[in-house]
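Take a look at the structure below.
The values are calculated or read from the model by the stated rules, or taken from the named source; none is laboratory data. Not measured: the values here are computed from a predicted model. Virtual Cβ from ideal backbone geometry, glycine too; neighbours counted across all protein chains shown. These area figures cover heavy atoms from the full protein model, side chains too; ligands, DNA and RNA do not enter into them. Shrake-Rupley method; radii C 1.70, N 1.55, O 1.52, S 1.80 Å.
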Amino acid sequence: MNYVYLSPHFPTNYYPFVIKLRAAGVNVLGIGDTPYDHLAGALKHNLTEYYRVKDMHHYDELVRAMGYFTHRYGKLDWFESHNEYWLETEARMRSDFNIAGPKINEIAWVKQKSLMKKIYQQAGIPVARGRIIHDPAEAHHFIEEVGTPVVAKPDKGVGAAATYKLHNLSDVQPFFASKPAVDYLFEEFIQGQVVSFDGLADQDGKVVFYTVDVFRQGIMETVNHDLDFFYYSLREIPEDLLEVGLRTVKAFNIRSRFFHLEYFRTADDRLVALEVNMRPPGGLTTDMYNYANDIDIYAEYANMIVHNRFDAQVTRPYYCAYIGRKQHIPYALSHQEVLSEFRNMLVLHQTMSPVVRSALGDYGYIVRSPDLQDILRAEQTILAVQNRDRQ
């Protein structure tokens, strides 16, 4: 099997995908813009071959790399990056080289939030009321319909980039005066806790691994207000979230991929769909899968790709949490004090890439415990600030 991995050098915690695919007998062919000599030793050892391009945004360069690989190794069976940023590039490449997986005509909903909303509605899954708004007059009519605040997000965009909360009618004119020149989707603001149903679907669309994460606040608030970040996985999966999550996977026909499905849980215990993402949740979450379950999700992904099997036993013995700190916040505990106080719970800690720092922080800690109270205490202590309440 020939598996083309786009951007194998980033993020660094995805190196194990390459390593485990190679261990499963796959030819892993890398395409990236980093010089070969700058690749980590583990990547060099496990990539069958690496093709450097000057700019990964230049599609013609990627096509030449694929042509070279085809000439040298024969038919290419897979093309993947596990990164939301490259989803359209992946789909286009699969279409042009007849590679298995979502093609360019199948992923409009992935990048276009208004189409995503329609698929949710067709599946009978509740969503926030919303529509494309073109001018201040339309915005005023929408706000009269749903009230304030409202959330304005690019209809075609990645994550929470360039997303804004408009608190009242007086925010409308300044928003349109400064917004990017793209279509914006306006949605009613849903008050609730953000939860996600995450996992892996096999080649038949069967969900072979799943978990649930609970977030202290959403990515929009984290980025816009430059907050620190905290979320944790559950040991017991709520039945309603399991049902709606499986229904979402089926509605969006997710196959042979990780998925990250976001919902609001409202005060009256309703689930309202937020977004579908056809990739791992990002950050260090795949590592959290391993620490929460004592499994190797990277090896199981390779097992699914090669044999369409998932053999690990998932028992969820631990709650597992990510705690991200930002340099500008004056925390009460130093880094060394965190390492000392939580040495029995800490399973991983590292500096985060500047690319993700606005959402995930400058430095991340992963802790685990069979007791949720341990997790919550770690969050409160590690993110406590000096001589004042944390903002």
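Rounded to the nearest 10 square angstrom, HIS38 shows an accessible area of 140 square angstrom against a 1.4 Å probe.
Nonpolar atom fraction for segment 41-134, defined as the carbon and sulfur part of the 1.4 Å probe accessible area, stands at 50 percent. At a Förster distance of 45 Å, what's the computed FRET efficiency of ILE237 paired with GLN173, Cβ-Cβ distance as r, to 0.05? E(calc), rounded to 0.05, equals 0.50.
Farthest toward the positive end of the dipole of the chain, out of TYR184, HIS328, PHE97, is the Cα of PHE97, where the dipole comes from beta carbon charges about the Cα centre. Exceedance of the 32 Å cut-off in Cα-Cα distance is limited, within the set LYS103/LYS326; LYS118/LYS179; LYS118/LYS206, to LYS103/LYS326.
Rolling a 1.4 Å probe over the protein heavy atoms leaves HIS45 with an accessible area of roughly 140 Å². Taking all protein chains as shown and a probe of 1.4 angstrom, MET56 keeps an accessible surface of around 10 Å².
Compute the Rg to Rh ratio over segment 295-391 from the alpha carbon atoms, using the Kirkwood formula for Rh, and round to two decimal places.
Working: Rg = 16.5 Å, Rh = 15.3 Å.
Rounded to two decimals, Rg over Rh is 1.08.
Its alpha carbons considered, the chain gives a radius of gyration followed by a Dmax of 21.5, 64 Å. The residues ASP198, ASP371, ASP287, sorted by heavy-atom accessible surface at 1.4 Å with ligands and nucleic acids left out, run ASP371, ASP287, ASP198 from largest to smallest.
Around the Cα centre of the chain, unit charges on the Cβ atoms of Lys, Arg, Asp and Glu (plus for the first two, minus for the last two) sum to a dipole of about 700 debye. All alpha carbon pair distances within segment 1-57 were sorted into 5 Å bins beginning at 0; the resulting P(r) in whole percents reads 4, 22, 36, 24, 11, 3, 0.
Mean residue ellipticity at 222 nm, helices only, the chain: -9500 deg cm²/dmol; runs of at least 4 DSSP H residues each add -39,500 (n - 2.57), and the sum is divided by the number of residues.
Can you work out the PRE-style zone for ALA100? Point 7 Å along Cα to Cβ, and I want the residues of segment 298-318 with backbone N under 16 Å. Zone members listed by number: 300-310.
Principal axis extents of the C-alpha atoms in segment 1-111 (largest first, rounded to whole Å): 37, 26, 25. For the set GLU144, GLU84, GLU90, the ranking by accessible area, highest first and with no ligand, DNA or RNA atoms included, is GLU144, GLU84, GLU90 under a 1.4 Å probe.
Note on segment 158-241: Cα-only Rg and Dmax are 17.1, 50 Å. Can you give the Kirkwood hydrodynamic radius of segment 176-289 from its Cα pairs, in Å with one decimal? With all distinct Cα pairs of segment 176-289 included, I get 15.3 Å.
In segment 344-391, what is the volume of the convex hull around the alpha carbon atoms, normalised per residue and reported in Å³?
On the way: hull volume 5.0 nm³, N = 48.
Measuring per residue, one finds 104 Å³ for the Cα hull of segment 344-391.
The relative contact order of segment 230-312 comes to 19 percent, based on Cα pairs under 8 Å that sit 6 or more residues apart. Simple rule: put +1 on each Lys or Arg Cβ and -1 on each Asp or Glu Cβ in the chain, find the dipole, and look at MET304, VAL314, PRO280; the Cα lying farthest toward the positive end is MET304. Note on LYS44: lysines with a C-alpha under 21 Å away, same-chain residues under 8 apart excluded, are LYS20, LYS54. Screening the chain for DSSP H helices whose Cα atoms reach 20 Å or more along their own axis and whose mean Kyte hydropathy is at least -1.0 gives 59-73.
Heavy atoms only, 1.4 Å probe, whole protein assembly: order ARG357, ARG235, ARG316, ARG255 by accessible area, highest first.
Values: ARG357 60, ARG235 80, ARG316 40, ARG255 105 Å².
My answer, sorted largest first, is ARG255, ARG235, ARG357, ARG316.
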